[in-house]
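Written out below as structure tokens is the structure these notes cover.
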Amino acid sequence: MSLPDTQPNMAYSKLLAKMHKALKAAGRAPDAAYLTAVSKNQPWEVIAPVLAAGQRRFGENRVQEAMMRWSDVRESYSDLELRLIGPLQSNKAAEAVAFFDVIESIDRDKIARVVAEEIQKQGRHPTLYVQVNIGEEEQKAGVLPLEADGFLRACADYGLKIDGLMCIPPVEGPRGPYFALLKKIADRNGIVHLSMGMSDDFETALAFGSTEIRVGSAIFGSR
């Protein structure tokens, strides 16, 4: 169900205020982290007001859906940044490398190899994040925490520059320990960017060093 045009703007403003408050409480600079607005599955009428309000980073789950939604819009917004935050299938790797500015879901050896091949073929270098299955949950994608160091070395062997790590912690229980673990993996591998924290836990994530929160329902409402 769509929201009235004014509602996404109000929710967006409130979200930014909470984000800045959380950064201040953690003793971090106001620009130490940024927001990716998760526009997946949302109708354009709720995305447009947020885009008009100045938001330029948007996260999408599916390659085809993102291309249909954003291809024409991109012509009017040169500073638009589109991020693939959902699982990437190998048969969509070529389109993903060509279209997205950031791919946050490098999650297994086959995807690392195919993305490396497409980068070489296309000469286009999107920013890459490795997804870590931080809670070791069977239903979630990502490399296991104990395998993350080795996977990052394998990515380097394929010629991939990994700029960040991403995780989705388990729904049950405290999130802090999972965020702390991702930060630890990042620190020992010299990785600065951490994509962690969503609508219900972004303040905790910011306290544990997140540099990017991915928020959808708190801005656009649930569908």
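The values are calculated or read from the model by the stated rules, or taken from the named source; none is laboratory data. Remember, predicted model here, so these are calculated numbers, not experimental data. Note that we place each Cβ from the backbone using ideal geometry, even for glycine, and neighbour counts take in every protein chain shown. The protein model used for the area step is the full one, side chains on, heavy atoms only, and it has no ligands, DNA or RNA in it. Shrake-Rupley method; radii C 1.70, N 1.55, O 1.52, S 1.80 Å.
Below is a table of values for the structure above.
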{"item": "Selected residue (criterion: nearest to G135 (Cα to Cα)) from residues of segment 163-188 that are touching a strand residue (DSSP E or B) at 6+ places or on another chain (Cβ under 9 Å) and in a helix (DSSP H, G or I)", "result": "Y178"}
{"item": "Subset of segment 51-92 that is more than 23 Å from L194 (Cβ to Cβ) and β-branched (V, I, T) - its residue that is surrounded by the fewest Cβ atoms within 10 Å (Cβ to Cβ)", "result": "V73"}
{"item": "Members of segment 187-223 found to be within 15 Å of I168 (Cα to Cα) and among the hydroxyl-bearing types (S, T, Y), listed by number", "result": "S195, S199, T204, S210, T211"}
{"item": "Meets criteria (over 26 Å from K40 (Cα atoms), modelled with pLDDT of 95 or more, of a type outside the set (K, R) and not in a helix (DSSP H, G or I)) for I191", "result": "yes"}
{"item": "Unmet criterion (only one of (1) open to solvent by 10 Å² or more (accessible area, probe 1.4 Å); (2) part of a helix (DSSP H, G or I)) for H125", "result": "(2)"}
{"item": "Neighbours by Cβ (under 6 Å, 6+ apart or cross-chain): first from segment 204-223, farther than 18 Å from M10 by Cα and touching a residue at least 12 places away in the same chain (Cβ under 8 Å); second open to solvent by 20 Å² or more (accessible area, probe 1.4 Å) and part of a loop (DSSP other than H, G, I, E, B)", "result": "T204/R175; L206/A26; A207/A26"}
{"item": "Subset of segment 203-222 [out of contact with any helix residue (DSSP H, G or I) (no Cβ under 6 Å at 6 or more places or on another chain), open to solvent by 40 Å² or more (accessible area, probe 1.4 Å) and at pLDDT 95 or above]", "result": "A207"}
{"item": "Of all residues making up segment 113-141, the number that are under 21 Å from M196 (Cβ atoms) and free of Cβ contacts under 8 Å to residues at least 24 places away in the same chain", "result": "3"}
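Yes/no per residue for (1) open to solvent by less than 50 Å² (accessible area, probe 1.4 Å); (2) at pLDDT 95 or above:
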residue	(1), (2)
P145	yes, yes
C155	yes, yes
L160	yes, yes
V171	no, no
P174	no, yes
L182	yes, yes
D187	no, yes
G197	yes, yes
D201	yes, yes
